[in-house]
Each structure stands twice: as C-alpha cells, then as structure tokens.
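The values are calculated or read from the model by the stated rules, or taken from the named source; none is laboratory data. Owing to the predicted nature of the structure, the values given are computational and were not obtained by experimental measurement. Cβ atoms come from the backbone with ideal geometry, glycine included; neighbour counts cover every protein chain shown.
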Amino acid sequence: MKISNKAILLILLLASVGFTSIAQNKPVINKVAKFKPPLVKSYLGDNTNGAIVSKEDASHLITLPLKITDQKNSTYGIDSYQFLYKKKSVIENEETGRKQKTFTTVADRFRSSPLPDVWINNLKDTFQPEEELYFFDIVVKDKLNRKFFAPNLKITIQ
C-alpha cells in the first residue's frame, strides 16, 4: 500500500494542530492585595510645603536631599521627581520704556536627590526674593518596592 505525499502532509498537519490545542493552558491570575499608601510628608531640610526662607537659607537648602517620611518617621526612597525653579527677571517694556518684573521657569525630572552638582552650582547664591523652588510629581518606593506619590513641596524665597 502506497501512501502519497499529500496524505503524509495531511496527517502531519492534523497531528500538529492537535498538539498545539493540547498545549494551551488557562492563564494564571494572581490576586494582588489592594495597596493603601501611607500618609507621608515631603521635606527639604526642616522645611515643608509652603515654607518661606531667606536667600541664604535657599542657597543652603538647594544642596540638601529631598526627604520623605511617614508619621512613624520612617524614610522612603525616591524613585523620581520633578524640580522647577521660578526665577525672577526684569524686562523693559518696549512701549513705555519702563522696567517690568517677570518670571521664567527652568525644570527637569530627576531620579536622585540632592539635585545634580551642575544645578546646585548654577542656582546657589543667585536667589532673589519672590523666587520659588518647587518639587512635584514625587514618586517614592516603600520597602516592598511599591511606588506611590508623595506631596509636592514649594518653598518661596523672601
């Protein structure tokens, strides 16, 4: 009895379809307990959100690491944050010729604290009244590597 090439190909094809259908398993679904982030506060030195500091204090604060703690004084590692510096400048109004106060902003995202040396060196000892240091979108990690947001931190220079 001769078996044609087409018959052999058909048998192999049907066998492979059967094996692939047997190999499929139901997906495994792991239930994860809901995570309720702890209540934390953001600090730069001893300052919290809304602090007003002198120019000299701001020059010192900019060199310090951002610190996140809970009510039990446990600290949390920082995954990332954004920093914005609101800088005061003066421009001349072209129509009146008078000088006007204006603000510009410089911002970036960082993964380590304190800020990089280039930022510290460019900002230190240049602060003026009404400028702001603003840390926002602060993402922190707990001991189990779960990530959550910490409160923003805005410091105004007097």
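So which residues in the stretch 26-77 are free of Cβ contacts under 8 Å to residues at least 12 places away in the same chain, farther than 19 Å from Ser112 by Cα and among the polar types (S, T, N, Q)? Across the stretch 26-77, the qualifying residues are Asn30, Asn73. Look through the stretch 32-46, keep the residues that are more than 20 Å from the chain's Cα centre (by Cα) and more than 18 Å from Lys72 (Cα to Cα), and return whichever of them is modelled with the highest pLDDT. In this case the residue turns out to be Lys34. Please tell me if Val106 is closer than 21 Å to Gly45 by Cα, exposed (fewer than 13 other Cβ atoms within 10 Å of the Cβ) and free of Cβ contacts under 8 Å to residues at least 40 places away in the same chain. No. Scanning the stretch 129-146 for residues that are loosely packed, with under 14 Cβ neighbours inside 10 Å and either charged (D, E, K, R) or over 17 Å from the mean Cα position of the chain (by Cα) (or both) gives Pro129, Glu130, Asp137, Lys143, Leu144, Arg146. Sub-7 Å Cβ pairs linking a first residue in the stretch 81-102 that is at pLDDT 90 or above and surrounded by 10 or more Cβ atoms within 10 Å (Cβ to Cβ) to a second residue that is aliphatic (A, V, I, L, M) and not in a strand (DSSP E or B), at least 6 apart or interchain, are Phe83/Leu115; Tyr85/Leu123, ordered by first then second residue. Among the residues here, Arg111 qualifies as of a type in the set (D, E, K, R), out of contact with any helix residue (DSSP H, G or I) (no Cβ under 9 Å at 6 or more places or on another chain), modelled with pLDDT of 95 or more and loosely packed, with under 14 Cβ neighbours inside 10 Å. Select from the stretch 41-71 the residues that are among the hydrophobic types (A, V, I, L, M, F, W, C) and surrounded by 14 or more Cβ atoms within 10 Å (Cβ to Cβ) and list them in ascending order. Those that are among the hydrophobic types (A, V, I, L, M, F, W, C) and surrounded by 14 or more Cβ atoms within 10 Å (Cβ to Cβ): Leu44, Ala51, Val53, Ala58, Leu61, Ile62, Leu64, Leu66, Ile68. Could you list, in sequence order, the residues of the stretch 55-79 that are under 19 Å from the mean Cα position of the chain (by Cα) and in a helix (DSSP H, G or I)? Residues satisfying the conditions do not exist here. Of everything in the stretch 89-128 that's in a strand (DSSP E or B) and basic (Lys, Arg), which residue is nearest to the chain's Cα centre (by Cα)? Among residues in the stretch 89-128 that are in a strand (DSSP E or B) and basic (Lys, Arg), the one nearest to the chain's Cα centre (by Cα) is Arg109.
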